[in-house]
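I have placed the structure first, in the form of structure tokens, so that the comments after it can refer back to it.
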Amino acid sequence: MKADLAERIASDPDFQHLIKRRTGYGWMMAFIIIVVYFTFILLIAYNPQLLATKISAGSTISVGIAAGFLIIIFSFVMTGLYVHKANAQFDEITAKIKESHE
């Protein structure tokens, strides 16, 4: 009986739509984060002087430290955006699929 239920859910157009949207959104978010990380790494490799520049005269904080901190904050924000979308939209579609197959 469980195999039959799994087949019915897998063939449900709402389920297929959910999988397509969730996968597409996940890949888009991953791509954005990878671009940000690799840009930072490429700056380290090819323009370390820029990252070594102090934020202001007399400051002990460099542009690289600030950029690294902002990348960490950016990662938290991106995670929050994904969780928000999952809770707001993906869970709604999941509940609809569960209701239709109970």
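Computed with a 1.4 Å probe over protein heavy atoms only, the accessible surface of region 12-102 comes to 73 Å² per residue. As I understand it, the value is the acute angle between the Cα axis of helix 63-85 and the longest principal axis of the Cα atoms of the chain; what does it come to in degrees, rounded to 10? Helix 63-85 sits roughly 10 degrees off the main axis of the chain.
Centre-to-centre, using Cα atoms only, region 1-18 and region 52-66 are separated by 55 Å. Projected over all directions and averaged, the alpha-carbon convex hull of the chain occupies 8.9 nm². Heavy atoms only, probe 1.4 Å: what % of the accessible area of the chain goes to carbon and sulfur, would you let me know? Heavy-atom surface of the chain belonging to carbon and sulfur, 1.4 Å probe: 70 percent.
Only DSSP H runs of four or more residues enter the estimate; each adds -39500 (n - 2.57), and after division by the residues of the chain the mean residue ellipticity at 222 nm equals -27000 deg cm²/dmol.
Once the Cα atoms are used to define both axes, helix 2-11 deviates from the longest principal axis of the chain by about 70 degrees. Taking Cα atoms only, the orientation of helix 13-46 departs from the longest principal axis of the chain by about 10 degrees.
The values are calculated or read from the model by the stated rules, or taken from the named source; none is laboratory data. If you're wondering where the values come from, they're calculated on a predicted model, not measured in any experiment. Keep in mind that these areas ignore ligands, DNA and RNA; they rest on the heavy atoms of the full protein, side chains included. Shrake-Rupley method; radii C 1.70, N 1.55, O 1.52, S 1.80 Å.
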